[in-house]
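Chemist: Pasting in a structure now, in structure tokens, and then I'll have a few things to ask.
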Amino acid sequence: MDTPPSPPQFPKWQPKQPRPADRDGQAVGAALAATDFCVLIDRVTYALRQPLDAALATTRPEVKHGRKRCALVRGDMDLLYVKDVAPAHAALRNDGTVVDLGGVKAYQVESRREGAVSGCAITVPVSFQHAVQFELGIQSRSKDCGTLRDFATAGATAIRRSRPRCLPLPS
């Protein structure tokens, strides 16, 4: 005699949880405006990756499209950027792969061309609307997202250490 299959078990209904409150947008914007993005580029990380060229690299602070950023430069090559991401891009920033930067949630997006990685960006949210992005420079010889992840991890750690003077990070 065949036993009929047991009915499917569904989890008990749970009410939808309310969305947590966002950080004060003006306070986060003011913190971003006061942030020296060059401090978020860890020179030790670069020296470990490029020990012979470490002394040749410099940082260059700049403002582009009204947003602050800093470039790590060696000669005439921009190796990587750290920048303030405009709130208008908040809906697009979470399209990447979720990565863990030493306990900080971030999103990694790889650009591909002809099957090979041609670029990489890692976005670290500091609120629902604001974020800091680490991105390989277009002229960078290294298209290694692992290298960029090391820089982003060190930068996220610097943000966390400087709290509340710098930027708040979601827990």
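Chemist: Considering the range 119-167 alone, what residues qualify as being at pLDDT 85 or above and aromatic (Phe, Trp, Tyr)?
Modeler: Phe134, Phe151
Chemist: So which residues in the range 21-47 are open to solvent by 90 Å² or more (accessible area, probe 1.4 Å) and not in a helix (DSSP H, G or I), if there are any at all?
Modeler: Those that are open to solvent by 90 Å² or more (accessible area, probe 1.4 Å) and not in a helix (DSSP H, G or I): Ala21, Asp24.
Chemist: State which residue pairs qualify: first residue within 23 Å of Ile159 (Cα to Cα) and crowded, with 19+ Cβ neighbours inside 10 Å and inside the range 101-114, second residue of a type in the set (A, V, I, L, M) and at pLDDT below 85 in any location, beta carbons under 6 Å apart, and separation of 6 or more residues or different chains.
Modeler: Pairs found: Val104/Leu169.
Chemist: So, one more: Would you be able to tell me the number of residues in the range 65-89 that are under 23 Å from His130 (Cβ atoms) and either out of contact with any Lys or Arg (no Cβ under 7 Å at 6 or more places or on another chain) or not in a loop (DSSP other than H, G, I, E, B) (or both)? Don't jump to the end; show me each part of the working.
Modeler: Let us first name the residues in the range 65-89 that are under 23 Å from His130 (Cβ atoms), namely 65-72, 80-89.
Retained after the next criterion (residues that are either out of contact with any Lys or Arg (no Cβ under 7 Å at 6 or more places or on another chain) or not in a loop (DSSP other than H, G, I, E, B) (or both)): 65-72, 80-85, 87-89.
Qualifying residue count for the region: 17.
Chemist: Condition check: of a type outside the set (A, V, I, L, M), under 16 Å from Gly137 (Cα atoms) and at pLDDT below 80. Does Tyr46 satisfy that? So that I can check it myself, show each step before the final result.
Modeler: Working: of a type outside the set (A, V, I, L, M): yes; under 16 Å from Gly137 (Cα atoms): yes; at pLDDT below 80: yes.
Against the criterion (of a type outside the set (A, V, I, L, M), under 16 Å from Gly137 (Cα atoms) and at pLDDT below 80), Tyr46 qualifies.
Chemist: Kindly provide the set of residues from the range 98-118 that are at pLDDT below 85 and either in contact with a helix residue (DSSP H, G or I) (Cβ under 6 Å, 6 or more places away or on another chain) or part of a strand (DSSP E or B) (or both), ordered by number. Reasoning before the result, please.
Modeler: Applying the first criterion (at pLDDT below 85) to the range 98-118 yields 110-118.
Those that are at pLDDT below 85 and either in contact with a helix residue (DSSP H, G or I) (Cβ under 6 Å, 6 or more places away or on another chain) or part of a strand (DSSP E or B) (or both): Glu110, Ser111, Arg112, Arg113, Ala116, Val117, Ser118.
Chemist: Additional query: Condition first: charged (D, E, K, R) and modelled with pLDDT of 85 or more. Now tell me which residues in the range 68-97 satisfy that. Full working, then the answer.
Modeler: Here is the first cut: in the range 68-97, the residues charged (D, E, K, R) are 68-69, 74, 76, 78, 83-84, 93, 95.
Result: Lys68, Arg69, Lys83, Asp84.
The values are calculated or read from the model by the stated rules, or taken from the named source; none is laboratory data. Note that the structure is predicted; figures quoted are calculated from it, not measured. Virtual Cβ from ideal backbone geometry, glycine too; neighbours counted across all protein chains shown. Protein only, heavy atoms only, side chains kept; ligands, DNA and RNA dropped before computing areas. Shrake-Rupley method; radii C 1.70, N 1.55, O 1.52, S 1.80 Å.
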